[in-house]
Amino acid sequence: MTGSIEFQDKLQHASAYAALYFLSVKAFAGRFHIWILAIVFVGLGILVEFAQSLTEYRKNDIWDALANASGVIFIAIALSLDNKIKGLKLTSRSTTPESKDD
């Protein structure tokens, strides 16, 4: 495989798992912590690559598994940072003393 095609393949793996993970986080909002779902999806990516080695017409690739995991981890970090920023905004508003005109 040429370098450009191989890079596109890994980008597609990362994008697909990022999208699947993001949609699952939204679907299971409040039921599972985002990092628990991240572990599940990283494991799924590894399992799918392993399962491909058991067939005659597919081959497994550790780089595909890493690309899958990178897509999941990228979204997990982005969501964690988003939650942290939202939490800081809520905290800063709720802890600010209110001005009283006495």
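The values are calculated or read from the model by the stated rules, or taken from the named source; none is laboratory data. Here the structure is a predicted model, which is why all the values come from computation and not from measurement. Virtual Cβ from ideal backbone geometry, glycine too; neighbours counted across all protein chains shown.
Any idea how many residues of the range 40-89 are among the hydroxyl-bearing types (Ser, Thr, Tyr) and not in a helix (DSSP H, G or I)? Working first, answer last.
Here is the first cut: in the range 40-89, the residues among the hydroxyl-bearing types (Ser, Thr, Tyr) are 53, 55, 57, 70, 80.
From the residues that got through so far, the ones that are not in a helix (DSSP H, G or I) too are 53, 55, 57.
The number of residues fulfilling the criteria is 3.
Filtered by the rule that a residue be of a type in the set (Phe, Trp, Tyr) and either out of contact with any helix residue (DSSP H, G or I) (no Cβ under 7 Å at 6 or more places or on another chain) or not in a loop (DSSP other than H, G, I, E, B) (or both), the range 13-39 gives 17, 21, 22, 32, 35.
Remark: pairs (first residue in the range 1-30, under 15 Å from residue 65 (Cβ atoms); second residue of a type in the set (Asp, Glu) and part of a helix (DSSP H, G or I); Cβ separation under 9 Å; 6+ apart in sequence or on different chains) = 9/64; 10/64; 13/64.
Identify, please: which residue in the range 59-81 is among the β-branched types (Val, Ile, Thr) and over 15 Å from residue 44 (Cβ atoms) and is, among those, nearest to the chain's Cα centre (by Cα)?
Here is the first cut: in the range 59-81, the ones among the β-branched types (Val, Ile, Thr) are 62, 72-73, 75, 77.
With the extra rule that they be over 15 Å from residue 44 (Cβ atoms), the set shrinks to 62, 77.
Working: 62: 18, 77: 7 Å.
The residue in question is 77.
Every residue, every condition in (1) crowded, with 18+ Cβ neighbours inside 10 Å; (2) under 12 Å from residue 75 (Cα atoms); (3) out of contact with any Cys (no Cβ under 9 Å at 6 or more places or on another chain); (4) at pLDDT below 95, yes or no:
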| position | (1), (2), (3), (4) |
| --- | --- |
| 12 | no, no, yes, no |
| 19 | no, yes, yes, no |
| 28 | no, no, yes, yes |
| 32 | no, no, yes, yes |
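Within the range 41-54, restricting attention to residues that are among the aliphatic types (A, V, I, L, M) and loosely packed, with under 15 Cβ neighbours inside 10 Å, the residue that is nearest to residue 76 (Cα to Cα) is 47.
Pairing each residue of the range 64-77 that is among the hydroxyl-bearing types (Ser, Thr, Tyr) with any residue that is modelled with pLDDT of 95 or more, provided the two are 6+ apart or on different chains, yields C-beta distances under 6 Å for 70/14.
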